[in-house]
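J.: Structure below; questions to follow.
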Amino acid sequence: MGPAVFPGLSCSPPGPSAESVGQPEEEVSPEGQQEEAGAEEASAGEERPEEEEEEAAAAPYLDELPEPLLLRVLAELPAAQLVQACRLVCLRWKELVDGAPLWLLKCQQEGLVPEGGAEDERDHWQQFYFLSKRRRNLLRNPCGEEDLEGWCDVEHGGDGWRVEDLPGDCGAEFIHDESVKKYFASSFEWCRKAQVIDLQAEGYWEELLDTTQPAIVAKDWYSGRSDAGCLYELTVKLLSEHEDVLAEFSSGQVAVPPDSDDAGWIQISHTFTDYGPGVRFVRFEHGGQDSVYWKGWFGARVTNSSVWVEP
């Protein structure tokens, strides 16, 4: 299913973030197993006779392995090979690949869960594995390292958005993540910007989104200046293929007074769960302005924004 077109949005959903490029290209969603299986079966007749003989010779030996040992052998294989090839070998292997113990073992071996994690803690370890491997911030350029690249529906109120280096004039250091070096500063009229995340383009398949409905977590950090009050606002929407709003969170306008106890950076977070079938896009929008109407960039500051699909 290709990306949907949003006539009401002024920007296209961004492509996979920089982090997603580093994800193993071999990963295949369980939903794609049937298509891959069909391709494997169609090409089965093209195998060379010597390959068939080797497989036939190996099959009896593997059939004799006890299940715990066979699971450990299978767990060493790439996930794509398991779902595309191994589950087609025989009924026994299919049951092992589709079962929880194999994926729990892979999660433990790859450090996704602690060793000795209880098998009954989750119903779908395979889905947990694939979600964990895809886990990353789906927002592009969250800290302004690329100016406004990746952001759409940019509203430049007053003097518009400006990217500044931390801590900035009359500002606070960002002590929560030393890799964050910059922030977006708003002006004396509302400045807003947004991103639209195409969940399917990011590797989350329809069945997973509609049935499992993994938690979708939106986070943002905002701050004011010690010499000027400001306003901040965050709105996150879960959208259908046709831009229908299926779930929404809004912080409303949050006032940050000057010289307040909250002069440092403040995190705001919302988790979407049980949002129902049909979610295909996430729209993240935030903005700010100052409350003293001074020329320049005395409005709310934002950085380290993020949207995560949690396993």
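The values are calculated or read from the model by the stated rules, or taken from the named source; none is laboratory data. The structure presented is a predicted model; accordingly, all values stated were derived computationally and were not measured. Cβ placement follows ideal geometry from the backbone for every residue including glycine, while neighbour counts extend to all protein chains displayed. These accessible areas exclude ligands, DNA and RNA; they are computed on the full protein's heavy atoms, side chains included. Shrake-Rupley method; radii C 1.70, N 1.55, O 1.52, S 1.80 Å.
J.: Hey, can you tell me all the residues within segment 62-79 that are surrounded by fewer than 17 Cβ atoms within 10 Å (Cβ to Cβ) and part of a helix (DSSP H, G or I)? Break it down into steps so the answer makes sense when it comes.
T.: Our first condition is that a residue be surrounded by fewer than 17 Cβ atoms within 10 Å (Cβ to Cβ); within segment 62-79, this holds for 62-69, 72-73, 76-78.
Listed by number, the residues that qualify are Leu62, Asp63, Glu67, Pro68, Leu69, Arg72, Val73.
J.: For the list (1) touching a residue at least 40 places away in the same chain (Cβ under 8 Å); (2) over 19 Å from the mean Cα position of the chain (by Cα); (3) not in a loop (DSSP other than H, G, I, E, B), I need the number of the one condition that Cys170 fails.
T.: Result: Cys170 fails condition (3) only.
Each row is one residue, and each column tells you yes or no for (1) modelled with pLDDT of 90 or more; (2) over 23 Å from Pro214 (Cβ atoms); (3) not hydrophobic (A, V, I, L, M, F, W, C).
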position	(1), (2), (3)
Glu64	no, yes, yes
Cys86	no, yes, no
Val89	no, yes, no
Leu96	yes, yes, no
Trp103	yes, no, no
Cys107	yes, no, no
Gln126	no, no, yes
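J.: Kindly evaluate Thr235 against the criterion of being farther than 24 Å from Asp153 by Cα, within 18 Å of the chain's Cα centre (by Cα), at pLDDT 95 or above and open to solvent by 20 Å² or more (accessible area, probe 1.4 Å).
T.: In short, no.
J.: Phe128 fails exactly one of the following numbered conditions: (1) of a type in the set (Phe, Trp, Tyr); (2) open to solvent by less than 30 Å² (accessible area, probe 1.4 Å); (3) assigned to a loop (DSSP other than H, G, I, E, B). What is the number of that condition?
T.: With respect to (1) of a type in the set (Phe, Trp, Tyr); (2) open to solvent by less than 30 Å² (accessible area, probe 1.4 Å); (3) assigned to a loop (DSSP other than H, G, I, E, B), Phe128 is out only on (3).
J.: I've got another one for you. Would you check which residues across segment 139-155 are on the phi > 0 side of the Ramachandran plot and of a type in the set (D, E, K, R) and list them?
T.: Across segment 139-155, the qualifying residues are Asp147, Asp153.
J.: If you take the residues of segment 256-296 that are among the hydroxyl-bearing types (Ser, Thr, Tyr) and loosely packed, with under 14 Cβ neighbours inside 10 Å, which of them is modelled with the lowest pLDDT?
T.: Ser260
J.: From the list Lys219, Lys193, pick out the single residue that is outside any loop (DSSP other than H, G, I, E, B), under 15 Å from the mean Cα position of the chain (by Cα) and of a type in the set (D, E, K, R).
T.: Lys219
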